[in-house]
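The values are calculated or read from the model by the stated rules, or taken from the named source; none is laboratory data. Quick caveat: nothing in here was measured; it's all calculated off a predicted structure. Methodologically, a virtual Cβ is constructed for each residue, glycine included, from the backbone with ideal geometry; neighbour enumeration extends over all protein chains shown.
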Amino acid sequence: MAAEGRCVARHDGQVIFVTGAAPGDVADLRITREHKNYLEAEATFLHQPSPDRATPFCRHFGVCGGCKWQHLAYAAQLRHKQQLVDDALRRIGKAVELPPLSPILPAEPTRYYRNKLEFSASPNAWLTREQIATGETFDRRVLGFHAPGRFDKIVDIEHCHLQPDPSNAIRLRVREYARERGLTFYDAVAQTGFLRNIIIRTAESTGEVMVIVQVTDPEGEHLDDLLAMLLAEFPQITALHSVVNPKGNDTFHDLDVPAAKGPGYIHERMEELTYRVGPKSFYQTNARQALALYQLTRAAAALTGQELVYDLYTGAGTIANFVARQARHVVGIEYVASAIDDARVNSAINGIGNTTFYAGDMKDVLSDRLFARHGRPDVVITDPPRAGMHPDVVAALLRAAPRRIVYVSCNPATQARDIELLHPAYRATQAQPVDMFPHTHHVENIVVLEKAVQNL
């Protein structure tokens, strides 16, 4: 498997990246794009299936952009993810001596594991080849997911296997209500229409449910009526919000998100901790596996209660607060100011008094001035975005010289690059992949870096 979850084939010395195939398939291919050094193709006819194949469980497989690895047995998914991590670390971090990769931690469950989904509205649904072939007329006012590679086409979803109840029921009812009342669905090309999207957040640990309805304008009583319907028909909704967004994009972090019901947030629990999750809050979308990830991260940090810990890219302070009771003090840094507000709230509601949080660009905040104020860290936990750490952040870590760095990554390629930049001051002693998103090619990886003896 290649890095983006596609299969790799070769013909006459030419590399071909194939979608819709499994490793070991014997299949006919149709070339879809030609590049200077490689080709892209899709599998069109399967002559002999791979032993790794499984029957996709979702009727929307191959049309919807999610869960692209459903055709692989879960054991095979884990094996390929393990190999993807190993290949990235050893290919990109080739100058670094690496420890053996620990077996990947599987996810449980592998369906209905997400606590947040966003469903987009459209008046111009994506039709499958099968639907077109019927010659029937379909209601193209839909609420679903984007078709792969298309910002303007939405696949109508009857049942999604990613999020537990009442997610499917709420989405379908909003779609039918909007159709019945003649509400207009948002056209992303023309940038017209009333109903833009709905966001559903579910908390497995508490059973609380949040729904956010995003529209372009109130349109008289349309919004109020829609919210009233949700309140009447879905009493399990504990937090209901609306967003009026006239902009050309769906982001609402700069907009008001008033509450129509509830305190304005829901709660998730990890061990003895409670986290407040608001409509703008970041929280790991697989809460059960996030707990396992954080437990592994805390164990890797090997805290004794005496350490000054820096938590880089702290988000809403989930990791910072999770390790705070095992540390002397935790300093968390995050770019998004609202996330830092959440982090402080999460410390307060859990009675955690040994955390300090800063908002700002990591390469600017993580500085000698910060070290002078709080001291140089004993342990650093870093969980950057897919792009990895900025070179200035790596340079600051080298100046800070913590004895241990626990590097959590959603992109083993950029993780390997940063590990090589930290070499030879640090050596990798542990590597642990974690499957956070079953049926996708995405994988998390934890690497422990210990300060080299010669630099002590």
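Tell me whether region 372-382 contains one or more residues that are closer than 22 Å to Ala290 by Cβ, at pLDDT 95 or above, in a loop (DSSP other than H, G, I, E, B) and out of contact with any helix residue (DSSP H, G or I) (no Cβ under 9 Å at 6 or more places or on another chain). Walk me through how you get there before you give the answer.
Taking region 372-382 and keeping what is closer than 22 Å to Ala290 by Cβ, we get 379-382.
Restricting the remaining residues to those that are at pLDDT 95 or above gives 379-382.
Restricting the remaining residues to those that are in a loop (DSSP other than H, G, I, E, B) gives none.
There is no residue in region 372-382 that is closer than 22 Å to Ala290 by Cβ, at pLDDT 95 or above, in a loop (DSSP other than H, G, I, E, B) and out of contact with any helix residue (DSSP H, G or I) (no Cβ under 9 Å at 6 or more places or on another chain).
Any idea how many residues of region 227-241 are farther than 14 Å from Thr202 by Cα and of a type in the set (A, V, I, L, M)?
Result for region 227-241: 6.
Return the pairs, sorted by first residue and then second, in which the second residue is surrounded by fewer than 20 Cβ atoms within 10 Å (Cβ to Cβ), the first residue lies in region 172-188 and is basic (Lys, Arg), the beta carbons are less than 7 Å apart, and the residues are 6+ apart or on different chains.
What qualifies is Arg173/Glu233; Arg179/Asp139.
Can you spot a residue in region 137-157 that is hydrophobic (A, V, I, L, M, F, W, C), closer than 25 Å to Asp256 by Cβ, modelled with pLDDT of 95 or more and over 22 Å from the mean Cα position of the chain (by Cα)? Steps first, please.
Filtering region 137-157 down to residues hydrophobic (A, V, I, L, M, F, W, C) leaves 138, 142-143, 145, 147, 151, 154-155, 157.
Remaining after also requiring closer than 25 Å to Asp256 by Cβ: 143.
Applying the additional criterion that residues be modelled with pLDDT of 95 or more yields 143.
Now drop any that are not over 22 Å from the mean Cα position of the chain (by Cα), which leaves none.
No: region 137-157 contains no residue that is hydrophobic (A, V, I, L, M, F, W, C), closer than 25 Å to Asp256 by Cβ, modelled with pLDDT of 95 or more and over 22 Å from the mean Cα position of the chain (by Cα).
Among the listed residues Arg399, Arg344, Arg373, which satisfies the condition of being of a type in the set (Lys, Arg), touching a strand residue (DSSP E or B) at 6+ places or on another chain (Cβ under 6 Å) and without any contact (Cβ under 8 Å) to a residue 60 or more places away in the chain? Reasoning before the result, please.
Working: Arg399 fails: touching a strand residue (DSSP E or B) at 6+ places or on another chain (Cβ under 6 Å); Arg373 fails: touching a strand residue (DSSP E or B) at 6+ places or on another chain (Cβ under 6 Å).
After ruling out the rest, the residue left standing is Arg344.
Of these, Ala88, Ala27, which one is farther than 30 Å from Phe252 by Cα, crowded, with 18+ Cβ neighbours inside 10 Å, in contact with a strand residue (DSSP E or B) (Cβ under 9 Å, 6 or more places away or on another chain) and in the same structural domain as Glu420 (by TED's automatic domain parsing)? Walk me through it before giving the result.
Values: Ala27 fails: in the same structural domain as Glu420 (by TED's automatic domain parsing).
Testing whether each residue is farther than 30 Å from Phe252 by Cα, crowded, with 18+ Cβ neighbours inside 10 Å, in contact with a strand residue (DSSP E or B) (Cβ under 9 Å, 6 or more places away or on another chain) and in the same structural domain as Glu420 (by TED's automatic domain parsing) leaves just Ala88.
Being β-branched (Val, Ile, Thr) and either within 20 Å of the chain's Cα centre (by Cα) or within 18 Å of Lys116 (Cβ to Cβ) (or both) is the filter; apply it to region 158-197 and report the residue that is surrounded by the fewest Cβ atoms within 10 Å (Cβ to Cβ).
Step one: list which residues in region 158-197 are β-branched (Val, Ile, Thr), which gives 170, 174, 184, 189, 192.
After this cut, where a residue has to be either within 20 Å of the chain's Cα centre (by Cα) or within 18 Å of Lys116 (Cβ to Cβ) (or both) as well, the list is 170, 174.
Working: Ile170: 22, Val174: 24.
The qualifying residue surrounded by the fewest Cβ atoms within 10 Å (Cβ to Cβ) is Ile170.
I'd like to check which strands (runs of 3 or more DSSP E) are fully inside region 273-343 and have at least 2 residues that are of a type outside the set (A, V, I, L, M), within 27 Å of Val211 (Cα to Cα) and modelled with pLDDT of 95 or more. First the steps, then the outcome.
On the way: elements: 273-277, 308-312, 329-334.
Strands (runs of 3 or more DSSP E) meeting the threshold: 273-277.
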